[in-house]
Amino acid sequence: MRPKGSAEALEVRRRLAIRLLQQGKGVRETARLVGASSGSVSRWWKSFREGGDHALAPKPPPGNKRKLEDSQLAQLEELLLQGPLAHGYKNDLWTLARVAEVIEKHFGVVYVANYVWYILRRMGWSSQKPERRARECDEEAISTWRKQDWPRIKKSA
């Protein structure tokens, strides 16, 4: 498990440990002083002896580089807020496949529809289902029924 802290802060901790070891401190004492395990301190010491100062530099995060930058995510959000109808879809409902198509069309980046969910979550969006309502629904008649008929029909306490 990765320790808490930025890459720079963890690098400072590694360099401090090496400095303490160079001053003659023991591995266990150094580990206690920098808040790491003695195994980690031993590994840093070995890396330093074999690779020099460069071995203590932070490593890039694992995994592929993101295909969409934060500025592109902001543009994507603007596109999605226009609604599906503005992008030529027949109804006003975003699906993951539709969002993937918009991303490919505007940014040239191809995503599998299932992965689009991770992008939307990164943007702070959540899944929502539209409320099902009958097209023939008469809101005024429903309101009248609730005010007049429902109180008469329901059981009293």
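Please treat every number below as a calculation from the coordinates, not as lab data. This one's a predicted model, so the numbers in the text were calculated from it and none came from an experiment. Neighbour counts are summed over all protein chains in view; Cβ atoms, including those assigned to glycine, are modelled from backbone coordinates with ideal geometry.
Could you work out the local net charge near ALA141, counting Lys and Arg as +1, Asp and Glu as -1, over the other residues with Cβ closer than 15 Å to its Cβ? Once positives and negatives cancel, what remains is -1.
How do LEU85, LEU79 rank when sorted from fewest to most other Cβ atoms within 10 Å of their own Cβ?
LEU85, LEU79
Each peptide in 50-62, 7-19 gets a packing score, the mean of other Cβ atoms within 10 Å over its residues, and the list from highest to lowest is 7-19, 50-62.
Going through the stretch 83-139, which GluC sites (Glu not before Pro) have at most 11 other Cβ atoms within 10 Å and a DSSP loop state?
GLU131, GLU136
Comparing Cα centroids, the stretch 39-83 and the stretch 94-157 end up 36 angstrom apart. Using C-alpha pairs under 8 Å with a sequence gap of at least 6, the mean separation divided by the residue count of the chain gives a relative contact order of 12 percent. Pair-distance distribution of the chain: all C-alpha pairs, bin width 5 Å, starting at 0; shares per bin in whole percent are 1, 7, 11, 11, 8, 5, 6, 8, 9, 8, 6, 5, 3, 3, 3, 3, 2, 0.
Okay, which of the stretch 33-57 sit inside 14 Å, backbone N to the point 7 Å along the Cα-Cβ direction of LEU10? Inside the label zone: 36-37, 40-41, 44, 56-57. So what is the calculated 222 nm ellipticity per residue for the chain, using -39500 (n - 2.57) for each DSSP H run with n of 4 or more, over all residues, to the nearest 500 deg cm²/dmol? After summing the helix terms and dividing by the residues of the chain, the value is -17500 deg cm²/dmol.
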